[in-house]
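Asker: Could you have a look at this structure, given as structure tokens, before my questions?
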């Protein structure tokens, strides 16, 4: 019985979260504004895979349906996964590092900072890649939030959230300023991208996003257990033999990297980084050894679902950020009421 | 052996020493208790010994090796510290909390291995709380939490065990129970155990050595039966104190109760 409850049930739960993005991603391919029958989607999927494997070219590739599946829907599902995984993974990191279950890349102002960096790059400094600018301003955002919140050596919970609000406001108005200043042709691309949407998803974006996810969340995954110890606070972690400064620096750096790349690809998307780690924690437990990988796959699955809703709810694409907020806000209220001390810590 | 030699500490920019010429010797297999009123400098002393505050003057030695040049994280090889209580931000299980004591043995890009978890379980068994291992730390009682934190310190496998008032927040039974555990493990594992206590009676029952700290300096020190006298304790706590002998045990009561 014991083995059943302590080993088997968690393993089943873990498996569910691990395969969730595959299942939702697969289902998502069959939906969309352009009507393609179930059988046709399957045929095109198989055809695409076999043509990659055998490289024999039949002219099925010229029909528009093929392009819709292989150049629109599939990259879009991949990109949703990558962005959701990056944001939720980073959210898990920040919650542990600041021992604060109320923060995520959006609340800390990193998303706004990264967006500001992207806007500068798009608007004025095209020589510097958007991802680089996003990273620089993401770091700046955390730094400011950190300095504002730091009183007597410790980072207190509420001040950090408030500092994030300030930083967010600062960079959001910065973005507005840029929108006001730049020429109208470029304005359009900034506005579109800023709303938080996967409409522009393509294979190039998938490649960039995947690189960001691997470079950011790869090391975080390897170091993940240390988040347990770091979440005890600075002094405790030191007394247990952890090099707190170095580890915090690494974790924050890698997490910002993922967030910056994600933001550069799809604009600002909130809530995912906050909710997904909470959900997984309530579902499986707080141990970061498991929480980190499952937040990554869970975040990916969550984003795939949100985006599938975003592109199927009406005849045009709703920005996915709106969907995550609509899904997220009530869930958050529910968490707050139900979870109490356990979900929020103390 | 743990030695604190001529230790002085003051915060930078302040005029007054928080610790003045503190000398302590604590031996293997012995429970050494630090008594002292609030604000005497006990916590300050712990922070200096464990390396969290390093700008002290004087010397700290473990087994004749000076550790003053080492940072707190390096000193985790020498000292394991049991804090007064731990407020966790996340619902970790007891097993997960205990295995965190293995942090210094876990590589940066690694997670605890079988051996680390086995060690955690072994210690939980030693303390008789293995049935709690899958319980959430935030949901267990104060006594169980204190035992969990003790277990976390023990898996660190450091020669010196430091406890900051391990009996606060505990009921009478649990106070005695945790002290017995500490005493037994100190003997079994040949640990150098240094702890602060508020209740001089617990020191009388369980300590092998007592040091009295007042206003940042050692007032008196020695074995309980010799130093826990009415004059010494009255001087330390600045109240009238009576000491009664019962079965060769010293029981300390306030001189005026009603």
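The values are calculated or read from the model by the stated rules, or taken from the named source; none is laboratory data. Since we're looking at a predicted model, the values are computed, not measured. Here Cβ is always computed from backbone atoms with ideal geometry, including for glycine, and neighbour counts include all displayed protein chains.
Asker: Under 21 Å from residue B:156 (Cα atoms), in a helix (DSSP H, G or I) and either under 18 Å from the mean Cα position of the chain (by Cα) or within 14 Å of another protein chain (Cβ to nearest Cβ) (or both), is that true of residue A:238?
Answerer: Yes; evaluated as a whole, the condition is true for this residue.
Asker: Does segment A:263-277 contain at least one residue that is within 14 Å of another protein chain (Cβ to nearest Cβ), in a helix (DSSP H, G or I) and either surrounded by fewer than 24 Cβ atoms within 10 Å (Cβ to Cβ) or at pLDDT 95 or above (or both)? Even if it seems obvious, please write down each step before you answer.
Answerer: Filtering segment A:263-277 for residues within 14 Å of another protein chain (Cβ to nearest Cβ) gives A:277.
From what is left, the residues that are in a helix (DSSP H, G or I) are A:277.
Subset that is either surrounded by fewer than 24 Cβ atoms within 10 Å (Cβ to Cβ) or at pLDDT 95 or above (or both): none.
There is no residue in segment A:263-277 that is within 14 Å of another protein chain (Cβ to nearest Cβ), in a helix (DSSP H, G or I) and either surrounded by fewer than 24 Cβ atoms within 10 Å (Cβ to Cβ) or at pLDDT 95 or above (or both).
Asker: Collect the residues in segment B:129-153 that are out of contact with any helix residue (DSSP H, G or I) (no Cβ under 7 Å at 6 or more places or on another chain) and farther than 17 Å from residue B:182 by Cα, keeping them in residue-number order.
Answerer: B:131, B:136, B:139, B:141
Asker: Which numbered condition trips up residue B:47, out of (1) free of Cβ contacts under 8 Å to residues at least 24 places away in the same chain; (2) within 14 Å of chain A (Cβ to nearest Cβ); (3) farther than 30 Å from residue B:180 by Cβ?
Answerer: If we test residue B:47 against (1) free of Cβ contacts under 8 Å to residues at least 24 places away in the same chain; (2) within 14 Å of chain A (Cβ to nearest Cβ); (3) farther than 30 Å from residue B:180 by Cβ, just (3) comes out false.
Asker: Please determine whether any residue of segment B:133-147 is in a helix (DSSP H, G or I), away from chain A (no Cβ under 13 Å) and buried (at least 22 other Cβ atoms within 10 Å of the Cβ).
Answerer: Yes, that holds for at least one residue.
Asker: Give the residues of segment B:164-173 that are under 23 Å from residue B:228 (Cβ atoms) and touching a helix residue (DSSP H, G or I) at 6+ places or on another chain (Cβ under 7 Å), sorted by residue number.
Answerer: B:164, B:166, B:167, B:170, listed by residue number.
Asker: Which is closer than 14 Å to residue B:32 by Cα and in a helix (DSSP H, G or I), of B:173, B:190, B:183? Show your work before the answer.
Answerer: Numbers: B:173 fails: closer than 14 Å to residue B:32 by Cα; B:190 fails: in a helix (DSSP H, G or I).
The unique qualifying residue is B:183.
Asker: May I pose another question? Looking only at segment A:227-240, how many residues end up being within 16 Å of residue B:113 (Cβ to Cβ) and in contact (Cβ under 8 Å) with a residue 40 or more places away in the chain?
Answerer: Of the residues in that region, 1 qualify.
Asker: Among the residues of segment B:19-48, count how many are crowded, with 21+ Cβ neighbours inside 10 Å and over 16 Å from the mean Cα position of the chain (by Cα).
Answerer: Count: 2.
Asker: Still on this model: Given the options B:55, B:64, name the one that is surrounded by fewer than 21 Cβ atoms within 10 Å (Cβ to Cβ), over 21 Å from the mean Cα position of the chain (by Cα) and either free of Cβ contacts under 8 Å to residues at least 12 places away in the same chain or away from every other protein chain (no Cβ under 12 Å) (or both).
Answerer: Numbers: B:64 fails: over 21 Å from the mean Cα position of the chain (by Cα).
Within the list B:55, B:64, the selection yields B:55.
Asker: Going by the conditions given, is residue B:244 assigned to a strand (DSSP E or B) and loosely packed, with under 15 Cβ neighbours inside 10 Å?
Answerer: Details: assigned to a strand (DSSP E or B): yes; loosely packed, with under 15 Cβ neighbours inside 10 Å: yes.
Here the answer is yes, as residue B:244 does meet what is asked.
Asker: What's the total number of residues in segment B:90-115 that are over 25 Å from the mean Cα position of the chain (by Cα) and either part of a helix (DSSP H, G or I) or more than 7 Å from every other protein chain (Cβ to nearest Cβ) (or both)?
Answerer: Count: 5.
Asker: Of all residues in segment A:241-252, how many are touching a residue at least 12 places away in the same chain (Cβ under 8 Å) and more than 8 Å from chain B (Cβ to nearest Cβ)? Before you say what the answer is, go through the steps one by one.
Answerer: Here is the first cut: in segment A:241-252, the residues touching a residue at least 12 places away in the same chain (Cβ under 8 Å) are A:242, A:244, A:247-248, A:250-252.
Narrowing further to those that are more than 8 Å from chain B (Cβ to nearest Cβ): A:248, A:250-252.
Here the count works out to 4.
Asker: Mind counting the residues in segment A:196-224 that are within 14 Å of another protein chain (Cβ to nearest Cβ) and buried (at least 22 other Cβ atoms within 10 Å of the Cβ)?
Answerer: Residues that pass the stated criteria total 4.
Asker: Identify all residues within segment B:148-163 that are touching a strand residue (DSSP E or B) at 6+ places or on another chain (Cβ under 7 Å) and surrounded by fewer than 19 Cβ atoms within 10 Å (Cβ to Cβ); write none if there are none.
Answerer: The one that is touching a strand residue (DSSP E or B) at 6+ places or on another chain (Cβ under 7 Å) and surrounded by fewer than 19 Cβ atoms within 10 Å (Cβ to Cβ): B:159.
Asker: Can you say whether residue A:81 is within 14 Å of chain B (Cβ to nearest Cβ) and either part of a helix (DSSP H, G or I) or buried (at least 24 other Cβ atoms within 10 Å of the Cβ) (or both), as far as the supplied structure shows?
Answerer: Working: within 14 Å of chain B (Cβ to nearest Cβ): no; either part of a helix (DSSP H, G or I) or buried (at least 24 other Cβ atoms within 10 Å of the Cβ) (or both): yes.
It is false that residue A:81 is within 14 Å of chain B (Cβ to nearest Cβ) and either part of a helix (DSSP H, G or I) or buried (at least 24 other Cβ atoms within 10 Å of the Cβ) (or both).
Asker: Another question, if that's okay. Restricting to segment B:206-232, name every residue that is at pLDDT below 95 and under 19 Å from residue B:163 (Cβ atoms).
Answerer: B:224, the sole residue that qualifies.
Asker: Give the residues of segment B:25-67 that are under 20 Å from residue B:228 (Cβ atoms) and out of contact with any helix residue (DSSP H, G or I) (no Cβ under 8 Å at 6 or more places or on another chain), sorted by residue number.
Answerer: B:25, B:26, B:27, B:32, B:38, B:40, B:42
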